[in-house]
Amino acid sequence: MPIPALEAELGWLGLRLCGGLYPDSDDTHAAGAGTLLLVGNAGDGMWAAFNRDCQPATRVGIADPLDGWIRRTVGAIARSAEARAIFPADGPPFAPFQRWAMRAEPVYPSPLGVLIHPTFGLWHAYRAALAFPDVLTLPPLPPIPHPCTSCQEKPCLAACPVVALSPDGYDVPHCAAHVRAAAGRPCRAFGCAARRACPVGKSYRYPPDQAAFHMQGFLARLPVTDGTK
Ligand code: B12
């Protein structure tokens, strides 16, 4: 399938082609692949397509309906493109999507750990890698600087109400305990306060229903604890 046709198929799902890379020979997740093309979402495009194809009433009682929809739709596109689909949640061991992404497009580790994109800010994610047996021609990475270098204030680091994110890392149990508690209602309703404080890509912020959906998914993956490590 030619790349423009692939982009059109993904576009119908609100997904984007994020670039590609040549996997290393020791990259077990991509064994046998000559090229990986990464597929991701940014802003609310995927959310609109997911709600069109998988309306909220039909999702009741289904564990991780977004994951199922992505596997069905992107899996079908991969088959017709004669590629193998690799998904971020397959594991452990998980495929190194963030490491791959830094080689495929100009994204960089933000102070929060998640990768920042110069246009989409923190409002993007990776949904699949398409592994092609052939070595395809890829454009060079554009020389775009890290957006956090020129951000003096770093409001993301001051925005978490329970300081779960710091230069020392991400305290997942502390974050989840807060998000589950009464005081965590704004995080549940609108998404992570630290991500929302980032000035980059504000127009791509997830709408509240999408942010709440992802936050619910995040909580569902973690055991309920009192927040201490
Ligand atoms: C396990 C996991 C989690 C765990 C985290 C456990 C922990 N203690 O950190 C939990 C469930 C808590 C979690 C939460 C979230 N996650 Co998560 N998670 C993953 C998952 C499935 C595996 C990560 C992993 O272990 N990879 C294996 C290693 C080998 O892969 P890697 O790419 O080489 O990893 C490297 C990078 O992480 C890199 N790195 C990370 N930070 C930094 C910083 C610097 C300075 C450098 C140099 C490198 C670096 O170092 C790693 C080792 O090389 C990935 C998907 C995936 N397959 O990668 C998503 C993923 C990392 N998560 C993602 C997201 C968006 C989230 C959430 C924000 C989701 C939400 N609901 O809103 C939350 C909150 C995170 C936050 N506030 O920071 C995205 C990040 C996208 C992006 N823009 O970067 C990913 C890629 C999934 C996706 N579909 O895109 N997550």
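What follows is calculated from the coordinates using simple rules that are stated; it is not laboratory data. Just so we're clear, the structure is a prediction, and the values are computed from it rather than from any experiment. We place every Cβ from the backbone using ideal geometry, glycine too, and count neighbours over all the protein chains shown.
Contact order, relative form, for the range 155-220: 34 percent (alpha carbon pairs under 8 Å, 6 or more residues apart, mean separation divided by residue count). Distance between the pseudo-spin-label points of GLN98 and HIS146 (7 Å out from Cα toward the beta carbon): 1.3 nm. Length gained on full extension, ARG180 to MET1, computed as 0.36 nm times the residue gap minus the Cα-Cα distance: 60.0 nm. With the convex hull drawn over the C-alpha atoms of the range 3-132, the volume per residue is 118 Å³.
Each residue, VAL172 and LEU136, gets one label point 7 Å from its Cα in the Cβ direction; the gap between the two is 3.1 nm. Overall shape of the range 1-43 was characterised from the C-alpha gyration tensor. The equivalent ellipsoid obtained from it has semi-axes of 23, 12, 7 Å, in decreasing order.
Each part gets one Cα centre, and for the range 70-146 versus the range 187-229 those centres are 21 Å apart.
The dipole here belongs to the range 3-132: it is taken about the Cα centre, uses +1 on the Cβ of Lys and Arg and -1 on the Cβ of Asp and Glu, and is about 220 debye. For the range 67-78, putting each phi into the Karplus relation 6.51 cos²θ - 1.76 cosθ + 1.60 with θ = phi - 60° gives couplings of 4, x, 5, 4, 4, 5, 6, 6, x, 5, 5, 4 Hz, in residue order, rounded to whole numbers and with x for Gly and Pro. Only DSSP H runs of four or more residues enter the estimate; each adds -39500 (n - 2.57), and after division by the residues of the chain the mean residue ellipticity at 222 nm equals -10000 deg cm²/dmol. With a Förster radius of 35 Å applied to the C-beta separation of GLU153 and ALA8, the computed FRET efficiency comes to 0.30. The overall shape of the range 104-229, judged from the alpha-carbon gyration tensor, is prolate: a/c is not under 1.5, and a/b is greater than b/c. Along the axis of the charge dipole computed for the chain (Cβ charges of +1 for Lys and Arg, -1 for Asp and Glu, origin at the Cα centre), the listed residues PRO167, LEU37, ALA83 are led at the positive end by PRO167. From the square roots a ≥ b ≥ c of the eigenvalues of the alpha-carbon gyration tensor of the range 70-131, which class results: rounded (a/c under 1.5), prolate (a/b over b/c), or oblate? Note, shape of the range 70-131 comes out prolate.
For the chain, the Cβ-based charge dipole about the Cα centre amounts to some 660 debye (Lys, Arg positive; Asp, Glu negative; other atoms uncharged). Each label point was placed 7 Å from the Cα along the Cα-to-Cβ direction; for SER25 and VAL224 their separation is 5.2 nm. The share of C-alpha pairs in the chain whose separation exceeds 30 Å stands at 27 percent.
Between helix 3-12 and the chain there is an angle of about 40 degrees, using the helix long axis and the longest principal axis of the Cα atoms. With the Cα gyration tensor of the range 155-220 giving a ≥ b ≥ c as the square roots of its eigenvalues, does the rule (a/c under 1.5 for rounded; else a/b larger than b/c for prolate; else oblate) give rounded, prolate or oblate? Oblate is the answer for the range 155-220, as a/c is 1.5 or above yet b/c matches or exceeds a/b.
Exposure proxy for ARG79, ARG188: other Cβ atoms within 10 Å of each Cβ, ordered fewest to most, give ARG79, ARG188.
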